[in-house]
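One structure is given below, encoded as structure tokens.
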Amino acid sequence: MAHSVRKRKQREWRKKTLDKHVKDIRTLAAKHFVQPQEIHLPFVALGDLRRRYCNRNPGYHAIPWRLKRAEYKGRFVRYPLDPIKPLVVKGSDDGLLLVRTRINDPAAISDLTPAVEALPKPKNYKFKGIKRSDYRTMHYGTWAPYAKQCLVTKELRDANQVGFGFMGDYTPVWTEMSRVLGQYAPGVFKQFQLYPLNTPTKRFCGAWTCCVVNDGGNNANQTEAHRDVKEAQYGYSCILAAGDFTGGALVLYELEMVVEMAPGDLVLFPDCLITHRNESAEGKRISIVTFTQENVYDYWHREYNMKLRRHDRMKSRVKRKKAQKKAVGSWFSTIFS
């Protein structure tokens, strides 16, 4: 029984455990505290981005011409590399929009490139005889696409022991990325891990359930402007850059900023809300993006009655529209009576 007393007690125990974990993360962060470079953007708010969310991904064509022109003329603010100070960006409503920091495991970063190159090539990488992209993209982890139960991704099943071994060998990397999430977004950190997944699936990437491995090789092409609309609307994704490259900065259109990245850098941001791309890079560039899809939230809603904030927002929007129509109707009746 998903809603039995035993299940509720298990969730309460899990919540207390996560609260303690967040407290430990904050204690550790306080011991190694470095004053971050904190930026407040007055022209964008996290709540407004969520209100304007659309589950379609029109990409570059949907970007306002004002932002395209600003990027073309180089008016986006560029934030250079800083190996010491983290970069924290917040909106006008004090909502967290972006965090850039460095991972504290340089040995794992140096070993990541040969490990990614050793992964088997994904099957069915051509569609109607045309290669999908100039670099390899592999999705390893758990999601629930068009299914009532969570599933292990096909690419991870095809990779078999090599893929599962890769996910297990780099547990310290997933732990470090999760620590950044717990430090800067503790609510999302706890929400990602509060409810269980069905067997044999699990959270392969620490707090997140899945990751995508982008192997650019020696031809690290830039990506097109896009939003990852299938990912959690009230969550954050984390990008880890690895390899030996220069360039490849992250362009964020709604924030009107360009964030430079180097091997070992982590960038935490809501990639389903912000249109983004990376600039062209020179050298061998690899990126790993950890995420939890919105359909996993749907599974938790069905199985454990998890409250979905997007449902509450939709109800309030409908209620507000009805109130507006009623107000307009009463105004007309007053005028013409």
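Go through region 277-306 and give me each residue that's farther than 18 Å from Thr209 by Cβ and assigned to a strand (DSSP E or B). Spell out the reasoning first.
From region 277-306, those farther than 18 Å from Thr209 by Cβ are 277-287, 305; that's our starting set.
Selection gives Arg277, Asn278, Ala281, Glu282, Gly283, Lys284, Arg285, Ile286, Ser287.
Of the residues Ile39, Ile25, only one is surrounded by 13 or more Cβ atoms within 10 Å (Cβ to Cβ) and assigned to a helix (DSSP H, G or I); which? Walk me through how you get there before you give the answer.
Details: Ile39 fails: assigned to a helix (DSSP H, G or I).
Residue meeting the stated conditions: Ile25.
Yes or no: region 46-67 includes at least one residue that is of a type in the set (Ser, Thr, Tyr), closer than 19 Å to Phe269 by Cα and touching a Pro at 6+ places or on another chain (Cβ under 9 Å).
For region 46-67, residues of a type in the set (Ser, Thr, Tyr), closer than 19 Å to Phe269 by Cα and touching a Pro at 6+ places or on another chain (Cβ under 9 Å): absent.
If you go through region 252-262 one residue at a time, do you hit one that is modelled with pLDDT under 95, in contact with a helix residue (DSSP H, G or I) (Cβ under 8 Å, 6 or more places away or on another chain) and surrounded by fewer than 21 Cβ atoms within 10 Å (Cβ to Cβ)?
Scanning region 252-262 turns up no residue that is modelled with pLDDT under 95, in contact with a helix residue (DSSP H, G or I) (Cβ under 8 Å, 6 or more places away or on another chain) and surrounded by fewer than 21 Cβ atoms within 10 Å (Cβ to Cβ).
Taking region 247-276, which residues are under 18 Å from Val212 (Cβ atoms) and among the acidic types (Asp, Glu)?
Scanning region 247-276 gives Asp265, Asp271.
Which residues, taken from region 146-185, are under 20 Å from Val116 (Cα atoms) and assigned to a loop (DSSP other than H, G, I, E, B)? Outline the logic, then answer.
So in region 146-185, the residues under 20 Å from Val116 (Cα atoms) come out as 152-177.
Listed by number, the residues that qualify are Thr153, Tyr170.
Looking at region 53-64, which of its residues are in a helix (DSSP H, G or I) and either surrounded by 12 or more Cβ atoms within 10 Å (Cβ to Cβ) or touching a residue at least 12 places away in the same chain (Cβ under 8 Å) (or both)? Lay out the reasoning, then the answer.
So in region 53-64, the residues in a helix (DSSP H, G or I) come out as 59-62.
If the condition is that a residue be in a helix (DSSP H, G or I) and either surrounded by 12 or more Cβ atoms within 10 Å (Cβ to Cβ) or touching a residue at least 12 places away in the same chain (Cβ under 8 Å) (or both), then Gly59, Tyr60, Ala62 are the ones that fit.
Just to be sure before I move on: is Val44 in a loop (DSSP other than H, G, I, E, B), at pLDDT 90 or above, under 21 Å from the mean Cα position of the chain (by Cα) and surrounded by 15 or more Cβ atoms within 10 Å (Cβ to Cβ) in the structure I sent?
Values: in a loop (DSSP other than H, G, I, E, B): yes; at pLDDT 90 or above: yes; under 21 Å from the mean Cα position of the chain (by Cα): yes; surrounded by 15 or more Cβ atoms within 10 Å (Cβ to Cβ): yes.
Yes; evaluated as a whole, the condition is true for this residue.
Pick from region 139-160 the residues that are farther than 17 Å from Thr199 by Cβ and at pLDDT below 95: which of them is surrounded by the fewest Cβ atoms within 10 Å (Cβ to Cβ)?
First, the residues of region 139-160 that are farther than 17 Å from Thr199 by Cβ: 139-140, 145-146, 154-155, 158-160.
If we keep only those that are at pLDDT below 95 as well, we get 139, 145-146, 154-155, 158-160.
On the way: His139: 16, Pro145: 11, Tyr146: 6, Lys154: 12, Glu155: 21, Asp158: 15, Ala159: 21, Asn160: 10.
Out of the qualifying residues, it is Tyr146.
Which residues, counting only those in region 251-276, are within 14 Å of the chain's Cα centre (by Cα), part of a strand (DSSP E or B) and under 22 Å from Asp48 (Cβ atoms)? It would help to see each step written out before you state the result.
Initial filter on region 251-276 (within 14 Å of the chain's Cα centre (by Cα)): 252, 266-276.
With part of a strand (DSSP E or B) added as a condition, the list becomes 252, 266-269, 276.
Passing the criteria: Leu252, Val267, Leu268, Phe269, His276.
Under the condition of being closer than 23 Å to Pro80 by Cβ and of a type outside the set (Lys, Arg), which residue from region 92-104 is surrounded by the fewest Cβ atoms within 10 Å (Cβ to Cβ)? Full working, then the answer.
At the first step, the residues of region 92-104 found to be closer than 23 Å to Pro80 by Cβ are 96-104.
If we keep only those that are of a type outside the set (Lys, Arg) as well, we get 96-99, 101, 103-104.
On the way: Leu96: 18, Leu97: 25, Leu98: 25, Val99: 22, Thr101: 23, Ile103: 21, Asn104: 12.
Of everything passing the filter in region 92-104, Asn104 is surrounded by the fewest Cβ atoms within 10 Å (Cβ to Cβ).
Does Glu71 satisfy the criteria of being more than 30 Å from Arg157 (Cβ to Cβ) and modelled with pLDDT of 95 or more? Don't jump to the end; show me each part of the working.
Numbers: more than 30 Å from Arg157 (Cβ to Cβ): yes; modelled with pLDDT of 95 or more: no.
Taking the combined requirement at face value, the residue does not satisfy it.
Among the residues of region 236-246, are any modelled with pLDDT of 95 or more, of a type in the set (A, V, I, L, M, F, W, C) and farther than 20 Å from Ser110 by Cα?
no
Would you call Lys73 in contact with a His (Cβ under 7 Å, 6 or more places away or on another chain) and either of a type outside the set (A, V, I, L, M, F, W, C) or at negative phi (or both)? Please lay out each step first, then the result.
Working: in contact with a His (Cβ under 7 Å, 6 or more places away or on another chain): no; either of a type outside the set (A, V, I, L, M, F, W, C) or at negative phi (or both): yes.
In short, no.
Being touching a Phe, Trp or Tyr at 6+ places or on another chain (Cβ under 8 Å), of a type outside the set (Lys, Arg), more than 30 Å from Asp169 (Cβ to Cβ) and surrounded by 10 or more Cβ atoms within 10 Å (Cβ to Cβ) narrows it down to one residue among Leu67, Leu87, Leu119; which is it?
Numbers: Leu87 fails: more than 30 Å from Asp169 (Cβ to Cβ); Leu119 fails: more than 30 Å from Asp169 (Cβ to Cβ).
So the residue among Leu67, Leu87, Leu119 that is touching a Phe, Trp or Tyr at 6+ places or on another chain (Cβ under 8 Å), of a type outside the set (Lys, Arg), more than 30 Å from Asp169 (Cβ to Cβ) and surrounded by 10 or more Cβ atoms within 10 Å (Cβ to Cβ) is Leu67.
Sort out which residues of region 186-202 are hydrophobic (A, V, I, L, M, F, W, C) and either surrounded by 20 or more Cβ atoms within 10 Å (Cβ to Cβ) or assigned to a helix (DSSP H, G or I) (or both), and write them in order of number.
Taking region 186-202 and keeping what is hydrophobic (A, V, I, L, M, F, W, C), we get 188-189, 192, 194, 197.
Matches in region 186-202: Val188, Phe189, Phe192, Leu194.
Conditions first: (1) over 23 Å from Asp265 (Cβ atoms); (2) in contact with a Phe, Trp or Tyr (Cβ under 6 Å, 6 or more places away or on another chain). Arg14 passes all but one, so which condition is the exception?
Condition (2) is where Arg14 drops out.
Considering only region 72-90, how many residues are of a type in the set (A, V, I, L, M, F, W, C) and under 19 Å from Ala225 (Cβ atoms)?
Pass one, region 72-90, residues of a type in the set (A, V, I, L, M, F, W, C): 76-77, 81, 84, 87-89.
When the remaining residues are screened for being under 19 Å from Ala225 (Cβ atoms), the result is 76-77, 89.
Of the residues in that region, 3 qualify.
Among the listed residues Arg50, Arg75, which satisfies the condition of being in contact (Cβ under 8 Å) with a residue 60 or more places away in the chain, within 30 Å of Thr275 (Cα to Cα) and assigned to a loop (DSSP other than H, G, I, E, B)?
Working: Arg50 fails: assigned to a loop (DSSP other than H, G, I, E, B).
Just a single option satisfies the conditions, and that option is Arg75.
The values are calculated or read from the model by the stated rules, or taken from the named source; none is laboratory data. As the structure is a computational prediction, the values presented were derived from the model and not from experiment. With ideal geometry, Cβ positions are generated from the backbone for all residues, glycine too; neighbour counts draw on all protein chains shown.
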